[in-house]
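*Asks:* Questions regarding the structure given below will be posed in turn.
Just so you know, all these numbers are worked out from the coordinates, no wet-lab data involved. The model shown is predicted, which means the values in this text are computed figures rather than measured ones. Positions of Cβ are backbone-derived with ideal geometry, glycine not excepted, and every protein chain shown enters the neighbour counts.
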Amino acid sequence: MRRLFPPWAWLYGLALLLIGAAFYAFWPRINGTVSNVEGFDLVFDDSGKSARFGFFGIGAAIRANYGYFTHQGLLYRSVGGGSVLIQPVTDSPAKYIVRETALVVVDGSVLWSKLQVLEKASGKELARRNLIEGTIEDGNGWKHEHAIKFVGNVLHSPQAPRRPRGVYPTPPATVEFVKATDASPYPMERDTRLPKNCGEAVWLEPKPDGAPMPIVRLAGFTFRPADPLKFVACDSGRLLVGSGVYASNLNLDLLTLDGRHLAQGYVRLPLPLEAWWLDIQDVDLANESITMTILANYRPDLRSSSQQAYGRVTVSVKLPP
């Protein structure tokens, strides 16, 4: 009897079957989507307890651009511009869960995980996908971005998309620059981030879970700016947090000492890239307008120990509520 298929055809069919099964297992599955989702509960499971976060950790959840999310008893609420106010929570208002389960962990780093979006009340799975280190999607190899995009395609956020920079509102501000001729009384390594006039009420927590710089902590809440921390100052029962990437960029967040976010704004300063922040002086938060003086110097040259002062910048700004 003549065979209908040569022997190698069965092996070929088995290979196709295995490839199809792998494709089905790894390809994202979305069974349903939801609109106007303000927030979710973030859960990370690692049976070996050797990894703290997976691909969709705290930093990724912040960049996913929702009104809030919860994780391990804390509520991370967006205050705009990618910055978040972190406070304890006992009863989460979220209706959905984003759960990541570590499947392969090496030296504390997740190399393969399963990401699921679930309805909280019913446990129904809305979507799932696998994330594997080293894979490329749309020319992008960052698994965090893959996870953010996947969650956003399932839980549609009403928040406006976050742009990379300049997302803080730009209120009217008066900025005066005075070039100094005297030598700077401060050493070049002075750290302007140390809380000023805050006593023991405010302290900094070392850089956690992907934060760009240390974050600001008080007894009842934590504030995490989107950009690197520049300074922290207290006055009249209020807390002012400055952040930014360059010497000329200044994001301002005004909070009460009991954890209410009052206002934020962006001010551009007349300082060049080589400027080096040395001190924050004369911070006044008592009135409707914020005033302060910034002492700046040239960024130190590796071949010179010059302490020539660069100048002082006086800022007066009224932040929008």
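*Asks:* Tell me, what ³J(HN,Hα) does each residue in segment 69-77 have, in order and in whole Hz, if you take phi through Karplus 6.51 cos²θ - 1.76 cosθ + 1.60 with θ = phi - 60° and put x for Gly and Pro?
*Replies:* For segment 69-77, the Karplus curve yields 8, 10, 7, 6, x, 10, 9, 9, 10 Hz.
*Asks:* Find out how many positive minus negative residues lie around Gly32, taking Lys and Arg as positive, Asp and Glu as negative, among other residues whose Cβ is under 11 Å from that of Gly32. Write out the running numbers ahead of the final one.
*Replies:* Working: positive: Arg29, Lys124; negative: Glu119, Glu125.
Its environment carries a net charge of 0.
*Asks:* Return the sequence-ordered ³J(HN,Hα) values of segment 119-126 in whole Hz as given by the Karplus equation 6.51 cos²θ - 1.76 cosθ + 1.60 applied to θ = phi - 60°, using x for Gly and Pro.
*Replies:* Running phi through 6.51 cos²θ - 1.76 cosθ + 1.60 with θ = phi - 60° gives 6, 5, 6, 9, x, 5, 7, 7 Hz.
*Asks:* Students often check this: by mean Cβ neighbours within 10 Å, which of 220-233, 266-279 ranks highest, and how do the rest follow?
*Replies:* Working: 220-233: 21.6, 266-279: 17.5.
Order by mean packing, descending: 220-233, 266-279.
*Asks:* Turning to a different aspect of this structure: If amide hydrogens are placed 1.01 Å from N in the peptide plane, which non-local residues have theirs closer than 5 Å to the one on Ala173?
*Replies:* So Ala173 has HN proximity to no qualifying residue.
*Asks:* Over segment 196-281, what portion of Cα pair distances is larger than 19 Å, expressed as a whole percent?
*Replies:* Working: 1367 of 3655 pairs.
That fraction is 37 percent.
*Asks:* Can you tell me what the convex hull of the Cα atoms of segment 28-154 projects to on average, as an area in nm²? The partial results should precede the final answer.
*Replies:* Details: hull surface 32.5 nm².
The orientation-averaged projected area of the Cα hull of segment 28-154 comes to 8.1 nm².
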